[in-house]
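Q: Okay, here's the structure, questions in a sec.
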Amino acid sequence: MIEPGTGLTILGTAVGSAKLLEKLLGPTADYLGEEIKELTKKKVTNLSNIFKNAEHKIGEGISKPGGVPPKVLKGILSEGPWCEEELQIEYFGGVLASSRSGISRDDRGAYFTSLIARLSTYQLRSHYISYLAFKKLFDGSFTNQGLSSYLKQLEIFIPLQTYFKSMDFNEEEIETGPRLISHAFWGLVNENLISTYFYGPPEAMNESFMEDILSYPNKIFMNAIDRGIKVAPSALGFELMMWAYGHGRIKELTYFDRELELPDNQNLDLQLVCPTRV
């Protein structure tokens, strides 16, 4: 019997049902205790939004036996109360959903929870924009996502104005755009969430393409006419995106399988994003 006033009932009430929360977490629900009772109403709301997101991504699968490892829950309880950004909720909710299984020691989600927590809002959104663009441009293609030579061939060009619009920058952020771009993409490189990136004016961009021609003589490279960003994916970047969508445990599908649907929850306009080589 669920006791009133416990961490489970407080968070369960915010989510919509303590029983539903028990189904999602499995035995790990017993870890919900005094720390929940000490949270402010705003923090409980933020945390409950992550659990609601996870529940939505699990769908009917929540009726199947399973649970979330304690280390994953620990990360969610630590970071979740402070998450107001919609994309942060999406990522943490997806990791929570992906972490639910019948294997109690499979705590890979703890790593991804920690990884997401290390990313700034700019880095997380840049990851989202880049990997939705990869999916849009290369969907249906066969690529070995574990080989760096294949990953380099998935490089894309994001026009600067497309990036600014997708990031939803205000005037102050646009004024410091180059610094924010450097922060976002070098941060993703540092976390191995992208393999390479380059930012600059058209002449510098085209000079970098000329260097690439030596490595890929059979490819046709685009001619940049606008300032922008070119970025290539990484295996870990693909994996994080799968976990963020609640697909961390899918074995049958790879990132570019058409059957794998990754809906754009941010309504991005990526029409001008293009591959750097064909």
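Q: What number goes with the only condition from (1) in a helix (DSSP H, G or I); (2) at pLDDT below 80 that E22 does not pass?
A: Of the numbered conditions (1) in a helix (DSSP H, G or I); (2) at pLDDT below 80, the odd one out for E22 is (2).
Q: If only one of E239, E259 is over 12 Å from the mean Cα position of the chain (by Cα) and not basic (K, R), which one is it?
A: Details: E239 fails: over 12 Å from the mean Cα position of the chain (by Cα).
Only one candidate qualifies: E259.
Q: Just to be sure I understand, how many residues within the stretch 61-86 are under 19 Å from the mean Cα position of the chain (by Cα), assigned to a helix (DSSP H, G or I) and farther than 18 Å from D107 by Cβ?
A: Counting residues in the stretch 61-86 that are under 19 Å from the mean Cα position of the chain (by Cα), assigned to a helix (DSSP H, G or I) and farther than 18 Å from D107 by Cβ gives 3.
Q: Among the residues of the stretch 234-278, which ones are touching a residue at least 40 places away in the same chain (Cβ under 8 Å) and of a type in the set (K, R)?
A: Those that are touching a residue at least 40 places away in the same chain (Cβ under 8 Å) and of a type in the set (K, R): R249, R258, R277.
Q: May I pose another question? Just to check your reading of the model, which residue among S78, S48 is under 30 Å from D264 (Cβ atoms), touching a residue at least 24 places away in the same chain (Cβ under 8 Å) and in contact with a helix residue (DSSP H, G or I) (Cβ under 6 Å, 6 or more places away or on another chain)? Show your work before the answer.
A: Working: S78 fails: in contact with a helix residue (DSSP H, G or I) (Cβ under 6 Å, 6 or more places away or on another chain).
Of S78, S48, the one residue that is under 30 Å from D264 (Cβ atoms), touching a residue at least 24 places away in the same chain (Cβ under 8 Å) and in contact with a helix residue (DSSP H, G or I) (Cβ under 6 Å, 6 or more places away or on another chain) is S48.
Q: Would you confirm whether any residue within the stretch 111-126 is in the same structural domain as L270 (by TED's automatic domain parsing) and touching a strand residue (DSSP E or B) at 6+ places or on another chain (Cβ under 9 Å)?
A: For the stretch 111-126, residues in the same structural domain as L270 (by TED's automatic domain parsing) and touching a strand residue (DSSP E or B) at 6+ places or on another chain (Cβ under 9 Å): present.
Q: Here's something else I'd like to know. State whether the residues of the stretch 37-60 include one that is under 18 Å from G248 (Cβ atoms), among the basic types (K, R) and not in a helix (DSSP H, G or I).
A: no
Q: Here's something else I'd like to know. Taking P81 as meeting all but one of (1) in contact with a Lys or Arg (Cβ under 9 Å, 6 or more places away or on another chain); (2) surrounded by 13 or more Cβ atoms within 10 Å (Cβ to Cβ); (3) over 20 Å from R125 (Cα atoms); (4) of a type outside the set (K, R), write down the number of the exception.
A: In the conditions (1) in contact with a Lys or Arg (Cβ under 9 Å, 6 or more places away or on another chain); (2) surrounded by 13 or more Cβ atoms within 10 Å (Cβ to Cβ); (3) over 20 Å from R125 (Cα atoms); (4) of a type outside the set (K, R), P81 misses (3) alone.
A quick yes/no check of all residues on (1) under 18 Å from the mean Cα position of the chain (by Cα); (2) free of Cβ contacts under 8 Å to residues at least 24 places away in the same chain; (3) within 18 Å of P263 (Cα to Cα); (4) surrounded by fewer than 20 Cβ atoms within 10 Å (Cβ to Cβ):
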| position | (1), (2), (3), (4) |
| --- | --- |
| G140 | no, no, yes, yes |
| F164 | no, yes, no, yes |
| R179 | no, yes, no, yes |
| H183 | yes, no, no, yes |
| G187 | yes, no, no, yes |
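Q: Then there is this: Condition (residue is of a type in the set (K, R) and in contact (Cβ under 8 Å) with a residue 60 or more places away in the chain) applied to the stretch 60-72: is it met by at least one residue? I'd like the intermediate steps shown before the answer.
A: Restricting attention to the stretch 60-72, the residues satisfying the condition of being of a type in the set (K, R) are 64, 71.
From what is left, the residues that are in contact (Cβ under 8 Å) with a residue 60 or more places away in the chain are none.
No, there is no match, as no residue in the stretch 60-72 is of a type in the set (K, R) and in contact (Cβ under 8 Å) with a residue 60 or more places away in the chain.
Q: Here's a check for you: in the stretch 14-32, which residue that is without any contact (Cβ under 8 Å) to a residue 24 or more places away in the chain and of a type in the set (D, E, K, R) is nearest to A97 (Cα to Cα)?
A: Going through the qualifying residues, I end up with E22.
Q: Are any residues in the stretch 220-261 of a type in the set (D, E) and modelled with pLDDT of 90 or more, and if so, which ones?
A: If we filter the stretch 220-261 for residues that are of a type in the set (D, E), which is where we start, we get 226, 239, 252, 257, 259, 261.
Within the stretch 220-261, E239, D257, E259, E261 meet the criteria.
Q: Further question: Considering only the stretch 89-103, I want to know if a residue exists there that is under 12 Å from the mean Cα position of the chain (by Cα), of a type outside the set (D, E, K, R), farther than 30 Å from T9 by Cβ and in a helix (DSSP H, G or I). I'd like the intermediate steps shown before the answer.
A: As a first pass, look at the stretch 89-103 and keep what is under 12 Å from the mean Cα position of the chain (by Cα): 89-95.
Retained after the next criterion (residues that are of a type outside the set (D, E, K, R)): 89, 91-95.
Pick out the ones that are also farther than 30 Å from T9 by Cβ and you get none.
No, because not a single residue in the stretch 89-103 is under 12 Å from the mean Cα position of the chain (by Cα), of a type outside the set (D, E, K, R), farther than 30 Å from T9 by Cβ and in a helix (DSSP H, G or I).
The values are calculated or read from the model by the stated rules, or taken from the named source; none is laboratory data. All figures in this text were calculated on a predicted structure; none of them were measured in a lab. As a convention, Cβ positions derive from the backbone with ideal geometry for all residues, glycine included, and neighbour counts pool all protein chains shown.
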